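Everything on this sheet refers to the single structure shown next.
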Amino acid sequence: MTYKSMPKVELHTHLEGCAPPSFIRGLAKEKSIDISGVFNKDGTYAYRDFDNFLQVYEAACTTLQGPQDFYRLVKAVLQESAAHGVVYQETFLSPDFCGGGDLAAWRDYLAALETAAAEAEVEFGITLKGIVTCIRHFGPDAAKPAAICAAETFGDFITGFGMAGGEMVGRPNDYAYAFDMAREAGMPLTCHAGEWGGADMVADTITDLKVQRIGHGVNAIHDPKLVAQIADSGIVLEVCPGSNVFLKATGDWADHPIQKLRDAGIKVTVSTDDPPFFGTTMTDEFDMLAATFDWDSDDFKALNQTALDAAFCDPTTRAKIAKRLETQ
Ligand code: HPA
Ligand code: ZN
């Protein structure tokens, strides 16, 4: 039994982290860029731990050198996602990797990203929306231009603001200025927290950055009061179990807290994060949840609905995707 063909809604992916290894190798060859060290002998991405993952990620990103490369990336990524039944995907995009935080350059990249997304919608039947992210380990000063890029381009395609990168750099409040800017522009917010940081990091992220969603959030499980608070508040967790298991952010699948978080009344969703880096796909995520926790098609329908309700898209898109889910 596999859930490969079931329609799926996915909220937490990093665009460059979805790049098929062959795509990055192809770009490197075209441009004669030396990316030795990025790949294992068998062609998979090579890294030792999360910090080294971020370094390898950035090394792979050096092959993406202009809007046209990002256009091709979006097409390659969405073809792959659509093959696993994903009908709606949100992806983190960083102005730091798309023009270095410069607003004019960011607009050029964005035009290419949007064109690719519009074409992929017709060709592969998948809708993409972008969430602008600042990169935490680039520091609070770099977060401000990212937030300006986000606020200035908030609209049909750019639907939210968030933060990725090394979670243990600084405290959430150090990034409050950037999040305040995005919130004042009317943007919904999400932030990685509680993947590497403890329950306190999740709590501070909620208090100081006033987010609607948390990326990962799994370490909230260690604080029952916080679990109850998240459940009451309706804050949604973008849980990425395959990523957590692969990176050893949690124990193995059987010990993954997603079941307990869900049982506590928290709105959980499921995503792949950086699928080729972590050897996963949305099909694998669904199939492993079915195998580990006995989730059935009713559970996955409810999961999709929770994700669609928490999506940062406009009402027209939400209604369109709801119709696609009716076929599940
Ligand atoms: N976590 C945090 N930052 C990231 C990731 C991730 O999985 N991928 C790319 N940037
Ligand atoms: Zn992530």
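Read-outs throughout are calculated quantities, based only on the coordinates presented, and are distinct from any laboratory measurement. Just so it is clear, the model here is predicted, and its values are computed rather than measured. Ideal geometry is used to build each Cβ from the backbone, glycine not excepted, and the neighbour counts take in all protein chains shown.
Tabulated data for the structure shown
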read-out: Single unsatisfied condition, M187 versus (1) closer than 21 Å to V9 by Cβ; (2) aliphatic (A, V, I, L, M); (3) part of a helix (DSSP H, G or I); value: (3)
read-out: From the options A46, A76, residue that is farther than 22 Å from G165 by Cβ and surrounded by fewer than 20 Cβ atoms within 10 Å (Cβ to Cβ); value: A76
read-out: Elements of type strands (runs of 3 or more DSSP E) contained in the range 194-310, each with 1 or more residues being away from ligand 1 (no atom under 16 Å from the Cβ); value: 236-239, 267-270
read-out: Residues of the range 136-149 classified as in contact with a Leu (Cβ under 9 Å, 6 or more places away or on another chain) and buried (at least 18 other Cβ atoms within 10 Å of the Cβ), total; value: 3
read-out: Subset of the range 111-120 [farther than 21 Å from P95 by Cβ and over 19 Å from the mean Cα position of the chain (by Cα)]; value: E119
read-out: Which numbered condition G170 misses (of (1) surrounded by 20 or more Cβ atoms within 10 Å (Cβ to Cβ); (2) out of contact with any Phe, Trp or Tyr (no Cβ under 6 Å at 6 or more places or on another chain)); value: (1)
read-out: Helices (runs of 4 or more DSSP H) (entirely within the range 15-111) containing at least 1 residues that are touching a Pro at 6+ places or on another chain (Cβ under 8 Å); value: 21-31, 67-83
read-out: Matching residues in the range 195-211 - criterion: being buried (at least 17 other Cβ atoms within 10 Å of the Cβ), over 23 Å from D49 (Cβ atoms) and under 19 Å from the mean Cα position of the chain (by Cα); value: I206, L209, V211
read-out: Failed item, numbered, when W295 is tested on (1) aromatic (F, W, Y); (2) closer than 28 Å to V56 by Cβ; (3) buried (at least 21 other Cβ atoms within 10 Å of the Cβ); (4) free of Cβ contacts under 8 Å to residues at least 60 places away in the same chain; value: (2)
read-out: Checklist (1) among the hydroxyl-bearing types (S, T, Y); (2) touching a Cys at 6+ places or on another chain (Cβ under 9 Å); (3) under 24 Å from T250 (Cβ atoms) applied to T159, failing item; value: (3)
